[in-house]
1. If you keep only loop residues by DSSP, which GluC sites (Glu not before Pro) in the range 246-348 have at most 16 other Cβ atoms within 10 Å of their Cβ?
2. Kirkwood hydrodynamic radius, the range 106-202, all distinct C-alpha pairs: what's the number in Å?
3. Using label points projected 7 Å from each Cα along Cα→Cβ, tell me how many nm separate Arg203 and Trp275, to one decimal.
4. Mind giving me the FRET efficiency for Ser124 and Arg355? R0 is 35 Å, r the Cβ-Cβ distance, nearest 0.05 is fine.
5. Residue-wise, which Karplus ³J(HN,Hα) couplings in Hz belong to the range 242-258, taking 6.51 cos²θ - 1.76 cosθ + 1.60, θ = phi - 60°, and x for glycine or proline?
6. What full-extension length gain, to one decimal in nm, is calculated for Arg155 and Glu322 as 0.36 nm per residue of separation minus the Cα-Cα distance?
7. Could you list the chymotrypsin sites (Phe, Trp or Tyr not before Pro) in the range 75-143 that lie in coil according to DSSP, counting only those with at most 15 other Cβ atoms within 10 Å of their Cβ?
8. Taking the simple approach of a point 7 Å from Cα along Cα-to-Cβ for both Trp145 and Arg293, what is their distance in nm?
Amino acid sequence: MNDFVRGAADGYVDVVVVGAGQAGLSGAYHLARAGIGHVVLDHAPRPGGAWQYRWPSLTYGKVHGMHALPGMELTGADPLRPSSEVIGEYFAAYEERFGLRVRRPVDVSAVRDGADGRLLVESSAGAWSARALINATGTWDRPFWPRYPGQESFRGRQSHTANYPGPAAFAGARVIVVGGGTSAVQHLLEVSEVAAETTWVTRRPPVFRDGSFGEAEGRAAVALVDERVRRGLPPQSVVSVTGLPLNEAVRAGLDSGVLDRRAMFERITPTGAVWADGSRVEADVILWATGFRAAVDHLAPLRLREPGGGIRVEGTRAVRDERVHLVGYGPSASTIGANRAGGAAVREIRRLLARGDARDGSPGDAPEGGASSAALATAAAS
């Protein structure tokens, strides 16, 4: 722990970073470059963020966009290796190279107002008093399971992308895949090779994107997501604004009929699903590829949510509390967006800390992560 023990907190730092995925490591990197004292708390057992939980058949070559962390490229990766291994090793090497001393596994249970205008960050490893927070908890811990009439009566197996084990577990089964995103398409293309039958169900007709997705298209997609979070609405899924990439595998799935989509069923029965027109499909498994929600429940004591259900954000800063920055949320949910958001959050935090120092004349807290600055200089010279 930090040597500073005051009041209800075990340690005093300038900034606490919650989460050590792409967004959290980017934030820690920029904090270290700026010489700002910080601690990084991650609930995962090892480096890799949410990538460490991805199914083995999701190889690195199938990953839908993975932007390098700032200051260190990911090169020479075998496209046939599981993405969980490739990216986990890359994140571990990144933490070591830049001296990002991540504490894990640490579960953050609550962030609330502390003494002297600080934030109190409560966790399984104790409490920290911080002047600012970078929240980079992503979405993986909050899989979204829709509710439909009759769902509890289903006698088969129900699974979610969050615990998808790979296609072998569905051999010989009749499978309904629910969801219109990239994961649903990937599951269908894999499972259809071993299953007795697959049925694809989505709420809206899928939109396939043919051609390149360049900088202009990326800016337009980010602007649409940004507009929602500025209004305090929950962020949309990436696919809802970008569309599904139309690659060779997807084209083959469309040609074979695997990706023939049906509208959403009306209810679930003990043996399958029924549509409004009375048609039905028998199934052994329902696989919910229905996405995730932002994992921000630990921020509830700060009352950041708007009536629309989301947290209103300007850039990365929570509008209701300038001490709190959300990276990897809304428009910064992509890997490249998370990198940029990490730098943007730190620039704003520097201004916040400077204002506080000017008011109280304090030099700032001793930097738990301060040793990272030397590591950054060494790495930059190598």
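1. Working: sites: Glu248, Glu266, Glu282, Glu314, Glu322, Glu348; in loops: Glu266.
Of the GluC sites (Glu not before Pro), the ones in loops of the range 246-348 whose Cβ has at most 16 other Cβ atoms within 10 Å are Glu266.
2. In the range 106-202 this quantity evaluates to 16.9 Å.
3. With each label point 7 Å from Cα toward Cβ, the separation is 1.9 nm.
4. Values: r = 32 Å, r/R0 = 0.92.
Once the sixth-power term is evaluated, E becomes 0.60.
5. 9, x, 8, x, 9, 9, 4, 5, 5, 4, 5, x, 5, 5, 7, x, 4
6. Roughly 55.2 nm would be gained on extension.
7. Those that pass, being in a loop and sparsely packed, number zero.
8. In this crude label model, Trp145 to Arg293 measures out at 1.3 nm.
No lab work stands behind these numbers, since they all come straight from the coordinates. Not measured: the values here are computed from a predicted model. Reconstructed Cβ throughout: ideal geometry from the backbone, glycine too, with neighbour counts over all protein chains shown.
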